[in-house]
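Shown next, in structure tokens, is the structure this report addresses.
Computed from the coordinates by the stated procedures, all read-outs in this text should not be read as laboratory data. No experiment lies behind these values; they were computed from the predicted model shown. Glycine also receives a Cβ, built like all others from the backbone with ideal geometry; neighbour counts cover every protein chain displayed.
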Amino acid sequence: ETTSAAEHDAAAERAAELRHLLDYHAYRYYMLDAPEITDAAFDKLLVELQQLEAAYPDLVTPDSYTQRVGGYVSEQFAPVTHMARMYSMDDAMNLEELDEWLRRTEEALGAGHVVYTCELKIDGLGVALTYQNGAFARAATRGDGTTGEDVSLNVRTIRDVPMHLSETALAHMGADRGTPIEVRGEVYMPKGSFVRLNEEADAEGRDPFANPRNAAAGSLRQKDPKVTARRDLSTFLYAVADTAPLHVGSQHEFLAWLRDAGFSVNPNVARCNTPAEVHEFCAEALAHRSDLDYDIDGVVVKVDSFDQQNDLGFTARAPRWAIAFKFPPEEKTT
Ligand SMILES: NC(=O)c1cc2c(N)ncc(C(N)=O)c2s1
């Protein structure tokens with residue numbers, strides 16, 4: 001039967017209210033671990049929105065929470081060209097090579113002591129997330145660094161990926177708040193989820209995944225987003241294609257902007273003022289590697305200042321202002 005315009009408008013208003021409520025409560029549950037309502041109450045709101053969207057398909061919006069639990073299967077994995085190249089990083093396989101890089105970098109900058117930002121190197125798969133006017137628009141795999149695959153429908157189901165940037169983060173962009181931005185990070189599967197997934201595979205006679213990275217890659221490349229939605233994937237964001245619209249001057253300030261925006265940012269980060277402090281961070285990270293609920297394969301050391309990063313620039317393959325200090329492969333306790 002045809003529905004009156006008034007009924008449609010009422011449905012549109014209620015749908016917008018439900019989208020806002022679901023985003024708010026999901027953020028409290030997944031990011032703050034401080035839910036205000038019961039899971040049953042949350043599911044009731046979700047079912048109401050799903051019913052409204054079923055009755056009025058034109059009310060389905062890309063950022064609607066209903067798309068997180070896996071929406072329709074559209075043409076997935078279409079090729080996507082990144083806003084800017086996603087570079088690799090040069091490796092330092094031991095402390096000598098790390099010190100060689102530190103010395104070479106300080107010499108090139110000729111600016112006395114250099115401040116570095118040290119972060120954990122997450123063993124997952126690289127993704128680029130594009131936001132337009134503060135709303136999630138697209139997600140792509142790293143691919144060859146220039147072109148990746150569109151995995152938007154699957155990434156939308158990852159609960160710690162925000163569908164909207166916070167007003168604080170947009171305000172920080174000032175007049176550039178309408179400029180599209182492409183943030184980069186890693187999708188990973190927590191170790192606990194990996195164990196559970198392989199137990200399920202065993203029980204169902206399917207082959208287990210070799211490691212969490214393969215499990216994350218396999219889960220992200222699922223044709224059906226409903227399957228991805230059940231794989232408990234997570235993210236850590238740590239870079240951006242172009243820093244200019246964010247009005248931040250250093251990696252450390254940029255990570256604070258990412259947190260304010262609502263992204264999941266790894267808490268184990270430190271600004272190091274001397275090579276000795278860089279060594280200390282690397283030793284600590286290696287010592288606590290097995291306590292983490294995700295795999296890491298080293299430490300990423302970056303020159304903190306964006307001006308100094310620009311002075312150093314890139315080789316054909318990698319930035320001169322960053323190095324990956326690699327850990328030996330972790331001996332697995334089976
Ligand atoms: N290939 C790359 O440029 C990077 C790769 C990674 C990684 N796997 N984990 C963390 C960081 C980081 N915090 O910068 C980077 S940067």
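For the chain, a simple Cβ point-charge model (Lys and Arg +1, Asp and Glu -1, everything else neutral) yields a dipole of about 400 debye relative to the Cα centre. Per residue of the range 124-130, in order, report the coupling 6.51 cos²θ - 1.76 cosθ + 1.60 (Karplus, θ = phi - 60°) as ³J(HN,Hα) in whole Hz, putting x for Gly and Pro. Computed from phi, the couplings for the range 124-130 are x, 10, x, 9, 10, 10, 9 Hz. When only alpha carbons of the range 1-66 are considered, Rg and Dmax amount to 13.0, 44 Å.
Evaluated with a Cβ-only charge set (Lys, Arg +1; Asp, Glu -1), the range 1-102 carries a dipole of roughly 440 debye about its Cα centre, given to the nearest 20. With r defined as the distance between the Cβ atoms of ASP144 and GLU7 and R0 fixed at 45 Å, what FRET efficiency is calculated, to the nearest 0.05? So, using R0 = 45 Å, E works out to roughly 0.35.
Measuring r between the beta carbons of ASP90 and ARG221 and using R0 = 25 Å, the FRET efficiency lands at 0.35.
Counting only alpha carbon atoms, the long axis of helix 95-109 and the longest principal axis of the chain meet at about 90°. Computed from Cα atoms, the angle from the helix 251-261 axis to the main principal axis of the chain rounds to 10 degrees.
Working from Cα pairs under 8 Å separated by at least six residues, relative contact order for the chain is 24 percent. For the modelled label position 7 Å from the Cα of ARG103 along Cα-to-Cβ, which residues of the range 290-319 have backbone nitrogen atoms closer than 20 Å? Within reach of a label on ARG103, which here means backbone N under 20 Å from a point 7 Å along Cα→Cβ, the range 290-319 contributes 301-303. Distant-in-sequence amide contacts of ILE296, defined by a placed amide H-H separation under 5 Å and a gap of 5 or more residues or a different chain, comprise ASP123. Solvent-free Debye calculation, one equal scatterer per alpha-carbon of the chain: log10 I(q)/I(0) at 0.07, 0.10, 0.11 Å⁻¹ equals -0.33, -0.65, -0.78.
Using just its DSSP H runs of length 4 or more, each adding -39500 (n - 2.57), the chain gives a mean residue ellipticity at 222 nm of -11000 deg cm²/dmol after division by all residues.
By the Stokes-Einstein formula, at 0.692 mPa s and 37 °C, the range 209-306 with its Kirkwood radius over alpha-carbon pairs has D equal to 206 µm²/s.
Against the chain, whose longest principal axis comes from its Cα atoms, helix 275-287 is set at around 50 degrees. Scaled against the 2.2 N^0.38 Å expected of a compact globular protein of N residues, the Cα radius of gyration of the range 267-312 reads 1.33.
Taking the charge dipole of the chain about its Cα centre, with +1 at Lys and Arg Cβ atoms and -1 at Asp and Glu Cβ atoms, the residue from VAL114, ILE323, LEU32 reaching farthest to the positive side is ILE323. Can you list the HN-Hα couplings for the range 220-228, worked out from phi with the Karplus curve (6.51, -1.76, 1.60; θ = phi - 60°), rounded to whole Hz and with x for Gly and Pro? Once θ is set to phi - 60°, the couplings for the range 220-228 become 6, 9, 5, 5, 9, x, 5, 6, 4 Hz. Each residue of the range 134-151 was assigned a 3J(HN,Hα) from its phi angle through the Karplus expression (A = 6.51, B = -1.76, C = 1.60, θ = phi - 60°), giving x, 10, 4, 10, 6, 9, 9, 6, 5, x, 8, x, 10, 10, x, 10, 6, 10 Hz with x at Gly and Pro.
What are the residues whose amide H is under 5 Å from the amide H of ILE181, where those residues sit 5 or more places off or on another chain and H is modelled from the backbone? Those qualifying (amide H under 5 Å, at least 5 residues apart or on another chain) are TYR131.
With R₀ fixed at 30 Å, the C-beta to C-beta distance from THR38 to ARG206 puts the FRET efficiency at about 0.35. Close amide-amide hydrogen proximity is noted between PHE314 and ARG320, each under 5 Å apart and 5 or more residues distant or on a separate chain (H modeled in the peptide plane; Pro and chain starts excluded).
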